[in-house]
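First the structure, in the form of C-alpha cells, and then the observations on it.
The values are calculated or read from the model by the stated rules, or taken from the named source; none is laboratory data. Please read all numbers here as calculations on a predicted model, not as lab measurements. Note that each Cβ is placed from the backbone with ideal geometry, even for glycine, and that neighbours are counted across all protein chains shown.
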C-alpha cells in the first residue's frame, strides 16, 4: 500500500512540492519587508497549499509550512485500507495502553491524524469500529481528532451524511 503523503519524510515531501518565497508585511520591521522570508509550498500531486510567514528565517518558515502542509494533506487525502489492516508501527509506538500519546505540534501528528481519518473512513465514520482496528478506545480517537478541529469537522461531515449525531472531544 502506498504511503500517505502526510507520512513522508520531510525531504521526500519537499521533493514533491513547488516552493515559492514571498515577502509579507507585518511585525519584524524593515528586515521583513526587504527579504523574502515567507514560504508557500504547493504539493504538486494534489494541489494542496500551505504557507508560513510569521518567522524571520526562511528556513524556519519552510519547516512550519511543511508541517502545515502535512496536516492539510492528512485532512484532504484518503487512502483505501484493507479490511484486515491493523495499526501502523508508528501508531503502535504511540500507544500507551489504549491512550494515544502525541501532541498536536509533534512531527508524528500529521501521519497519525491521516491514519485515524483513513481508518474512520474505512469504518464508515464509526469511532467504535475504527478504535477497535487501531487498538485504542473511541474517546481517545475523538480526542486525537479534537486536537485538530478541522479533523473533527471532517468526521462530523461524514457522520452528517449518514444521519449520525456529531461528536465532540471530551
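Here are a few things to note about the model shown:
- Some residue of the stretch 100-113 being farther than 27 Å from residue 52 by Cβ and without any contact (Cβ under 8 Å) to a residue 24 or more places away in the chain: no
- Test result for residue 128, surrounded by fewer than 18 Cβ atoms within 10 Å (Cβ to Cβ), within 17 Å of the chain's Cα centre (by Cα) and modelled with pLDDT of 95 or more: no
- For the stretch 44-58, the candidate set comprises residues that are in contact with a strand residue (DSSP E or B) (Cβ under 9 Å, 6 or more places away or on another chain) and more than 17 Å from residue 105 (Cβ to Cβ); within that set, the residue that is surrounded by the fewest Cβ atoms within 10 Å (Cβ to Cβ) is 44.
- Residue match in the stretch 32-41 (condition: at pLDDT 90 or above, surrounded by fewer than 21 Cβ atoms within 10 Å (Cβ to Cβ) and within 24 Å of residue 152 (Cβ to Cβ)): no
- Residue check for residue 119: within 15 Å of residue 74 (Cβ to Cβ) and not assigned by TED's automatic domain parsing to the domain that holds residue 65: yes
- Subset of the stretch 1-24 that is within 14 Å of the chain's Cα centre (by Cα) and part of a loop (DSSP other than H, G, I, E, B) - its residue that is farthest from residue 75 (Cα to Cα): 9
- Matching option when the condition is in contact with a strand residue (DSSP E or B) (Cβ under 8 Å, 6 or more places away or on another chain), over 25 Å from residue 13 (Cα atoms), surrounded by 15 or more Cβ atoms within 10 Å (Cβ to Cβ) and touching a residue at least 12 places away in the same chain (Cβ under 8 Å), among 143, 72: 143
- Residue in the stretch 52-73 that is at pLDDT 95 or above, under 21 Å from residue 148 (Cβ atoms) and not in a helix (DSSP H, G or I) present: no
- For the stretch 116-139, the count of residues that are under 19 Å from residue 67 (Cβ atoms) and outside any helix (DSSP H, G or I) is zero.
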